[in-house]
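Report on the following structure.
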Amino acid sequence: MSRYLFPQDYMADPSAHVFNDKIYVYPSHDWDSGEAFDDDGGHFQMKDYHVLRIDGDPMEADVTDCGKILDVKDVPWAEKQMWDNDVVEVNGKYHLIFAAKDYNGVFRLGVAIADRPEGPFIPQPDPIRKSYSIDPCVFKDDDGAIYVYFGGIWGGQLQWYRDNKALKDEYLPKGKEPAIPARVARMTPDGMQFSEMPRPVVVVDEQGQPLTADDPHRFFEASWMHKMYGRYYFSYSTGDSHLLCYAVGDNPYGPFTYQGVILNPVVGWTTHHSILEYHGHWYLFHHDCVPSHDTTWLRSLKVAELQVDKDGKIHTVE
Ligand code: FUB
C-alpha cells in the first residue's frame, strides 16, 4: 500500500527526518519551466524549496506545507537548478545542505541554516569548499559525527571528476570497468564544511568486487544512508535502469555489499527516495509521475511502509 503525500503540488526527491517527534519532508519543488527534456536534466529548473510536516503516521496523518524555506534568488553563489537537498540538526540549529548550479554552470553544494525545522533557512554566502555534483544526503551517526553522501551522473556532473579533481573531458566507464561511485565526506562538527576530502562509496558484489558500469544495479544518483540493526544501509538510484537498490556495510565509509532492489521502476525517468523509522515502523518516501501523466519534470511524492526481515533484509516494495 502506498499514499500520495501531497497531491496539491509537484515535488520530488524527498528527504524525510524525525525532528521533535514529527516527520519533516524536504523535497525538490518541481514546476513547468518550459525547458525541453535533455539528458543533462535541463528540464529540472527548480527555484525554491518548501518543507512538509506530517503530524503522525505517514500513511494517513495530515500533511502540512510549511511554506517556502529558501529561494535561489537569495543564495549569493547560486544561479539556478535547486535540486535535491537534505537537512541535519547541528547543535540545536537545522542545516539544509542543497545542490544548485553556480554562475559557471557547475553544480556545488551549499548550506543554509534555520532555528526550526520549518525554516526559514538563511544561506551561507559561499558553497561548501571543494564540493561538486548533486544529491546530498546528510547522515548523523550515533556518535554525533556528520557525513554527507553525494553525487550524480550525466546532468549531475559526477563523470567530470576523479580523485576530487575536475577532468578536462568527462569520463564514463564502460562494460566491465568499475562503475562511478558516489562520494562521502565527514563534515566539520559545525556542519559547515567537509573536514576531509570526499572518498568513493564503493558498492561490491558478494565476492568483494566493485559493481561494474554495465550492471543495471550500479550507482547513478540519489544517495541515502540509514542505520538499521547496527549496520549501515547505503541506498541509491540506478538512473537509466530506473531502480532503487541497497547495499550494506559495517561503517559509514563502506565498502557496501550489494543486497537487492527496494523499488522497481516507477512511471517517470527518475526515481529518488529516503528511508525513515517512525514509531517502530520503516517507511520509503519516493516520487513518481503518475499524476502528471508521465511528465518527467512534474513528480509527486509518495510514501509506502517497508517490510524488513529480522535479519535486516528489505523486501522490494510492490
Ligand atoms: O530533481 C532533480 C534530479 O532528479 C535529482 O537531483 C535526481 O536525483 C533526480 O531525482
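The values are calculated or read from the model by the stated rules, or taken from the named source; none is laboratory data. Computed from a predicted model, the values in this text were never measured in an experiment. Heads up, the Cβs are rebuilt from the backbone with ideal geometry, glycines too, and the neighbour counts pull from every protein chain shown.
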Checked segment 243-276 for anything in contact with a Lys or Arg (Cβ under 9 Å, 6 or more places away or on another chain) and either more than 15 Å from Ala182 (Cβ to Cβ) or hydrophobic (A, V, I, L, M, F, W, C) (or both); matches are Cys245, Val248, Asp250, Gln259, Gly260, Val266, Gly268, Thr270
The one condition Ser195 fails out of (1) under 26 Å from Ile146 (Cα atoms); (2) crowded, with 17+ Cβ neighbours inside 10 Å; (3) among the polar types (S, T, N, Q) is (2)
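Could you identify the single residue in Pro216, Pro210 that is under 28 Å from Lys130 (Cα atoms) and more than 16 Å from the ligand (Cβ to nearest atom)?
Every option except Pro210 fails the conditions.
Among the residues of segment 164-175, which ones are farther than 19 Å from Pro255 by Cα and without any contact (Cβ under 8 Å) to a residue 40 or more places away in the chain? If you could, list the steps in order and put the result at the bottom.
Residues of segment 164-175 that are farther than 19 Å from Pro255 by Cα, as a first pass: 165-175.
The answer is Lys165, Ala166, Leu167, Lys168, Asp169, Glu170, Tyr171, Gly175.
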Within segment 134-187, the count of residues that are of a type in the set (Asp, Glu) and over 24 Å from Asn85 (Cα atoms) comes to 3
When segment 219-243 is checked residue by residue, the ones that are in contact (Cβ under 8 Å) with a residue 24 or more places away in the chain, more than 16 Å from the ligand (Cβ to nearest atom) and in a loop (DSSP other than H, G, I, E, B) are Tyr229
If we keep only residues of segment 244-283 that are within 13 Å of the ligand (Cβ to nearest atom) and more than 28 Å from Asp21 (Cα to Cα), then the residue surrounded by the fewest Cβ atoms within 10 Å (Cβ to Cβ) is Trp269
So Gln45, is it at pLDDT 95 or above, assigned to a loop (DSSP other than H, G, I, E, B) and either more than 27 Å from His281 (Cα to Cα) or among the basic types (Lys, Arg) (or both):
yes
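Table: residues versus (1) free of Cβ contacts under 8 Å to residues at least 60 places away in the same chain; (2) within 13 Å of the ligand (Cβ to nearest atom); (3) more than 21 Å from Val303 (Cα to Cα); (4) touching a Phe, Trp or Tyr at 6+ places or on another chain (Cβ under 9 Å).
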| position | (1), (2), (3), (4) |
| --- | --- |
| Tyr10 | no, yes, no, yes |
| Pro14 | no, yes, no, yes |
| Tyr26 | no, yes, no, yes |
| Asp39 | no, yes, yes, yes |
| His43 | no, yes, yes, yes |
| Trp83 | no, yes, no, yes |
| Glu89 | no, no, yes, yes |
| Phe107 | yes, yes, yes, yes |
Filtering segment 222-243 down to residues that are of a type outside the set (Ser, Thr, Tyr), under 16 Å from Phe139 (Cα atoms) and surrounded by 20 or more Cβ atoms within 10 Å (Cβ to Cβ) yields Ala222, Trp224, Met225, Phe234
- Item | Val72 vs. criteria of a type in the set (A, V, I, L, M), within 16 Å of the ligand (Cβ to nearest atom) and modelled with pLDDT of 95 or more | yes
Of the listed residues (Pro136, Pro125, Pro178), the one being away from the ligand (no atom under 16 Å from the Cβ) and either under 27 Å from Phe37 (Cα atoms) or in contact (Cβ under 8 Å) with a residue 40 or more places away in the chain (or both) is Pro125
Within segment 73-92, of all residues that are out of contact with any Lys or Arg (no Cβ under 6 Å at 6 or more places or on another chain), assigned to a strand (DSSP E or B) and not β-branched (Val, Ile, Thr), the one surrounded by the most Cβ atoms within 10 Å (Cβ to Cβ) is Asn85
Notebook entry, point to check: Can we say Ala213 is touching a residue at least 24 places away in the same chain (Cβ under 8 Å) and buried (at least 22 other Cβ atoms within 10 Å of the Cβ)?
Noted result: no
Of the residues in segment 198-210, those that are surrounded by 14 or more Cβ atoms within 10 Å (Cβ to Cβ) and touching a residue at least 24 places away in the same chain (Cβ under 8 Å) come to Pro198, Arg199, Val201, Val202, Val203, Val204, Asp205, Pro210
Across segment 139-160, the tally of residues that are under 24 Å from Tyr233 (Cα atoms), in a loop (DSSP other than H, G, I, E, B) and within 14 Å of the ligand (Cβ to nearest atom) stands at 3
Note on segment 268-291: residues part of a loop (DSSP other than H, G, I, E, B), of a type outside the set (Ser, Thr, Tyr) and under 12 Å from the mean Cα position of the chain (by Cα) are His272
